[in-house]
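Engineer: Take a look at this one; I'll ask things after.
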Amino acid sequence: MDSANEIRFVAEMTLGKLSKWLRILGFDTVYAANVAGEKLIDTAKGRILLTRTKRIRNMNIAKERIFISSNHPFEQLREVVLALGIAKEDIRPFSRCIQCNASIRWVEKNAVRGKVPDYIWETQDAFHTCSHCRRIYWSGSHIQRSRDIIKRLFK
Ligand SMILES: [Zn+2]
């Protein structure tokens, strides 16, 4: 099985939540919200295309295509995991920006003072920032919820 470093996705417009989840797991995922036709073919190069459209599934876009049938983001995520045989060891959770897909890196606590709410700065010690959009991440209840969902995903 290829690890999160090698698997790259492009997800079509209807799969915004799934895109976010794949980024949470650490997969390089382009969300092709406004991309269609020729441009989609270009964007999909070297990536696995995730689609809910039968017409697109049958077109010769991307080397590999996964047809997503569920409406529910968690079930969609499970479809991808099962289709590729992704194991828990293959993922790199919380290593990528959920907003823009760039990698995030550790940042010194002092550097984020004034950029996060005061009570967060006072109660948290580990901060990460996106190398592209500069969004700041810290461990919070949403991380715990995501960990629970990841546990359920690989059960
Ligand atoms: Zn970002």
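Engineer: Roughly what % of DSSP beta bridges within the chain run antiparallel, to the nearest 5?
Structural biologist: Antiparallel bridges make up about 40 percent of those DSSP assigns within the chain.
Engineer: Accessible area, 1.4 Å probe, largest first: how do 129, 123 sort?
Structural biologist: 123, 129
Engineer: Could you give the accessible area per residue of the stretch 67-155, probe 1.4 Å, as a whole number in Å²?
Structural biologist: I get 63 Å² per residue for this part.
Engineer: Give me the angle, in degrees from 0 to 90, between the Cα long axis of helix 73-84 and the longest principal axis of the Cα atoms of the chain, rounded to the nearest 10.
Structural biologist: 60 degrees
Engineer: Also: Taking a ≥ b ≥ c as the square roots of the Cα gyration tensor eigenvalues, with a/c under 1.5 meaning rounded and otherwise prolate when a/b beats b/c, else oblate, which class fits the stretch 104-153?
Structural biologist: Because a/c hits 1.5 or more and a/b fails to exceed b/c, the stretch 104-153 counts as oblate.
Engineer: Does the stretch 8-90 come out rounded, prolate or oblate, given a ≥ b ≥ c as the square roots of the eigenvalues of its C-alpha gyration tensor, rounded meaning a/c under 1.5 and, failing that, prolate meaning a/b above b/c?
Structural biologist: It comes out prolate by the Cα gyration axes.
Engineer: Related question: Tilt of helix 141-153 relative to the longest C-alpha principal axis of the chain, in degrees (0 to 90, nearest 10)?
Structural biologist: Around 40 degrees separate the two axes.
Engineer: So what are the ³J(HN,Hα) numbers for the stretch 100-106, from phi and the Karplus equation (6.51, -1.76, 1.60; θ = phi - 60°), rounded to whole Hz, Gly and Pro as x?
Structural biologist: Using θ = phi - 60°, the values come out as 10, 6, 6, 7, 10, 9, 5 Hz.
Engineer: Further question on the same structure: Here is the link list: 45/155; 88/115; 115/155; 20/155; 45/115. Which ones come out longer than 29 Å on Cα distance?
Structural biologist: 45/155; 88/115; 115/155; 45/115
Engineer: Here's something else I'd like to know. Using only the Cα atoms of the chain, build the gyration tensor, take square roots of its eigenvalues as a ≥ b ≥ c, and label the shape rounded, prolate or oblate: rounded if a/c is under 1.5, else prolate if a/b is larger than b/c, else oblate.
Structural biologist: Cα axes put the chain in the prolate bin.
Engineer: Also: Among the aspartates and glutamates, which fall within straight-line cross-link reach of residue 17, defined as a Cα-Cα distance under 12 Å, with same-chain neighbours fewer than 8 residues apart omitted?
Structural biologist: Within the straight-line cut-off, residue 17 pairs with 75.
Engineer: Express the carbon and sulfur contribution to the solvent-accessible surface of the chain as a percent, rounded to the nearest whole number, probe 1.4 angstrom.
Structural biologist: Solvent-exposed carbon and sulfur of the chain make up 49 percent of the total.
The values are calculated or read from the model by the stated rules, or taken from the named source; none is laboratory data. Quick caveat, the model's predicted, so the values are computed rather than measured. Ligands, DNA and RNA are excluded from the accessible area calculation, which covers all protein heavy atoms including side chains. Shrake-Rupley method; radii C 1.70, N 1.55, O 1.52, S 1.80 Å.
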